[in-house]
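Just below is one structure, and these are the notes that go with it.
The values are calculated or read from the model by the stated rules, or taken from the named source; none is laboratory data. Please read all numbers here as calculations on a predicted model, not as lab measurements. When we count neighbours, we look across all protein chains shown, and the Cβ atoms used for this are built from the backbone with ideal geometry, even at glycine.
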Amino acid sequence: MSLSAIIYKFPEDETETFEHRLADRLLLDLDETVKASEWLLLRVPGTIMLFQYGATQSDEKEVTPCLLEHGLLPAPEKMQVSTIKNHEAIRLFLQIGTGIFNGKAEWRIIETLRATYAQASEYGFVGPVFHRLFQRSIWLHEKARMETDFFRFAHEPARVFSEIARKIFGHLKSVTAHIIGKDARLLDWINALHQEGCRKFIFLGEESEVAEIPAQYAVQVLSPARNPIIPANVDLLLFFSSQNASLDVRAISRRMSRRNNAALLIYNGNAANHEKERLKNIYNVFYYDQRDLQYIIEHNQEKQLAELEKIEPWIAHEVEAFYQWLESDSHYQFAGIVGTTREMQRIFELISRIAQMDITVLIQGESGTGKELVARAIHQLSLRAEKPFVVVNCGAIPENLLESELFGHVKGAFTGAFASKMGLFEEAHGGTIFLDEIGELPATLQVKLLRFLQEGEIKRVGSNETLKLDVRVLAATNRDLAQMVDNGQFRSDLFYRLNVIQINIPPLRDRQEDIVVLAHHFMKNFAARLSKDVNEISAEALSLLQRYHWPGNVRELENAIEHAVALTVSNTIEAHDLPPVLQASQMAHYPQANANAKRLTLKEIEKRYILETLENCQWNYDFASKQLGIGRTTLWRKLREYNLHKENS
């Protein structure tokens with residue numbers, strides 16, 4: 001099994017801008033061509049990359065005709081094609097996910113990868129290998145963003161200019177940008193200024209010249225015949241005159257006098273301007289041309305390369321870690337959490353994004369869904385991973401002891417306080433505290449917790465001394481905190497402080513695909529722990545596990561498998577090895593089986609389940625695939641495999 005990437009390179013003007021979603025027909029046709037078990041197509045200006053993983057893969061001769069047919073590639077003589085494999089391909093994918101493309105920082109490629117990955121997940125084109133690479137690349141991006149200056153250096157003229165504007169004007173909310181003439185990258189300029197806060201754009205020219213600019217930028221178009229070239233209200237001037245005209249020094253001088261020499265920032269996109277030195281000598285006029293911005297870009301690139309040297313060892317480490325993971329039996333695990341469904345992959349993606357940020361997280365889910373595992377994963381992937389991780393069950397500690405447990409007490413603070421005691425918040429200093437069942441926290445302690453979240457300070461019981469602590473707070477609940485706020489049972493200000501990021505863990509009954517994977521995971525763990533040679537689960541037992549409603553969620557499934565491993569007398573878990581409550585549920589759902597009835601195979605069970613779901617959804621493939629928790633392409637593959645058609649159902 002290997003990973004490869006077919007790379008097509010061609011002039012950028014032969015393609016469009018960054019694509020966030022590819023045509024469905026293209027993907028379905030390409031899926032018929034690609035032989036790999038997992039694949040992902042990524043399109044950016046001047047480059048198309050097809051990543052593949054599997055024992056069998058398609059080469060460029062097989063893939064190129066499909067891409068040409070759908071208009072993704074220029075004529076063959078205008079492009080270069082290469083293939084990289086294994087370490088190189090993995091490194092490239094991680095670089096892209098980190099936000100590095102052609103040795104430079106590229107924010108847009110991250111969004112393109114995210115959208116492409118989401119689309120591929122929807123169709124079932126990607127699996128555990130690309131899930132792993134995508135999630136680790138997100139984590140690498142956040143690490144690079146927080147621990148280096150790599151992304152702080154702009155390398156595009158529009159970005160450089162917008163940063164200059166921010167330094168001169170501060171926030172650009174009250175700045176008026178005046179644009180003269182059309183530029184091929186005009187949208188990039190407007191977008192860069194818009195991101196810095198500019199909301200007023202005036203274009204001097206014809207409506208047709210800005211027809212492709214999205215309406216969200218609200219560009220006002222004025223006729224050059226009826227309006228002055230340099231009006232008094234302009235703060236920022238983009239000059240792309242197509243008539244090779246130079247900027248009028250007298251017009252700019254008049255603007256300066258009318259605005260009491262208020263700052264004026266100019267970019268001249270023409271190749272040359274003979275008035276450059278005169279313009280630069282005008283007080284409070286900040287003039288830049290192509291050469292000026294290019295000098296800044298080259299300077300930024302030098303600094304960026306130095307920062308890149310810090311990131312490359314992290315990527316190299318991730319490449320090696322990927323191979324270790326690939327050789328392990330933990331392909332469906334993320335930081336100790338087992339999950340294959342799209343809902344769980346989204347949670348893993350979110351954890352990868354926020355783990356390294358020092359923000360509070362509220363984890364919600366029914367009892368037994370794995371809230372503490374999610375909290376541990378966040379801690380393990382954070383910069384605090386080597387520091388303490390302290391777990392507090394707010395509902396398990398008596399109310400009269402909870403304050404002392406959380407914040408500590410001094411000697412003599414209350415009867416029986418014979419010595420000072422450090423609280424759990426102090427024990428967690430530098431690390432993370434996980435407050436489980438936060439909904440059970442008494443109102444008096446809600447105030448103290450709020451103060452800590454706001455000020456980072458606590459006071460021990462019986463003391464007036466304020467202690468400054470560095471602790472990240474993660475909280476969890478199986479209750480509806482928003483409803484508790486409405487009912488006056490939980491402070492709204494504390495709720496909003498805790499609910500900066502919310503992670504909702506689905507119940508196991510909504511994670512049908514994960515039941516089998518989790519069952520095998522627990523089977524291996526308990527077989528090793530109990531020193532038993534158990535390595536299989538029968539089809540009948542799996543069917544029973546999948547049809548049970550699991551009110552106790554993953555914790556109940558874990559207990560059920562432990563029960564079965566302990567009782568089985570063979571190397572296979574049979575239905576009768578499972579707890580009685582599961583067997584009773586089977587009897588409730590089905591009539592007593594005939595002794596002579598044929599036992600169904602796992603494939604027959606799957607076929608019947610798919611057919612039943614399709615009929616319940618009136619053969620609507622979109623609804624059925626969502627109900628089954630699989631991509632549409634996976635569903636179509638199953639229909640072909642089992643020869644299922646609406647006509648013969």
Quick one: which of Gly170, Gly197, Gly181, Gly127 is under 29 Å from Trp325 (Cα atoms), of a type outside the set (Asp, Glu) and at pLDDT below 95? Gly127
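Under 24 Å from Leu265 (Cβ atoms), of a type outside the set (A, V, I, L, M, F, W, C) and either touching a residue at least 40 places away in the same chain (Cβ under 8 Å) or not assigned by TED's automatic domain parsing to the domain that holds Gln380 (or both): which single residue out of Arg152, Arg136, Arg132 fits that description?
Of Arg152, Arg136, Arg132, the one residue that is under 24 Å from Leu265 (Cβ atoms), of a type outside the set (A, V, I, L, M, F, W, C) and either touching a residue at least 40 places away in the same chain (Cβ under 8 Å) or not assigned by TED's automatic domain parsing to the domain that holds Gln380 (or both) is Arg152.
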Residue list for the range 137-195, filter: assigned to a loop (DSSP other than H, G, I, E, B) and of a type in the set (Ser, Thr, Tyr): Thr148, Ser174
Close pairs (7 angstrom Cβ cut-off, 6 or more residues apart or separate chains): under 19 Å from Lys303 (Cα atoms) in the range 155-171, aliphatic (A, V, I, L, M) and not in a helix (DSSP H, G or I) anywhere: His155/Ala105; Val160/Ala154; Glu163/Ala154; Ile164/Leu265
Residue count for the range 481-508, restricted to those that are in contact with a helix residue (DSSP H, G or I) (Cβ under 8 Å, 6 or more places away or on another chain) and assigned to a helix (DSSP H, G or I): 11
Output the helices (runs of 4 or more DSSP H) that fall wholly within the range 252-355 and possess 1 or more residues being modelled with pLDDT of 90 or more and farther than 25 Å from Asp149 by Cα, or say none. 290-327, 342-354
Which numbered condition Arg346 misses (of (1) free of Cβ contacts under 8 Å to residues at least 40 places away in the same chain; (2) under 30 Å from Phe169 (Cβ atoms); (3) outside the structural domain of Asp248 (by TED's automatic domain parsing)): (2)
Determine which member of the set Glu403, Glu427 is of a type outside the set (Gly, Ala, Ser), surrounded by fewer than 21 Cβ atoms within 10 Å (Cβ to Cβ) and out of contact with any Lys or Arg (no Cβ under 9 Å at 6 or more places or on another chain). Glu427
Residues of the range 1-25 being under 20 Å from Gly124 (Cβ atoms), at pLDDT below 90 and not small (Gly, Ala, Ser), in sequence order, are Met1, His20, Arg21, Leu22, Asp24, Arg25
Considering residues that are buried (at least 20 other Cβ atoms within 10 Å of the Cβ) and either under 18 Å from Arg342 (Cα atoms) or in contact with a Pro (Cβ under 6 Å, 6 or more places away or on another chain) (or both), the number found within the range 108-122 is 5
Close pairs (6 angstrom Cβ cut-off, 6 or more residues apart or separate chains): over 17 Å from Trp636 (Cβ atoms) in the range 18-34, at pLDDT below 90 and among the hydrophobic types (A, V, I, L, M, F, W, C) anywhere: Phe18/Val44
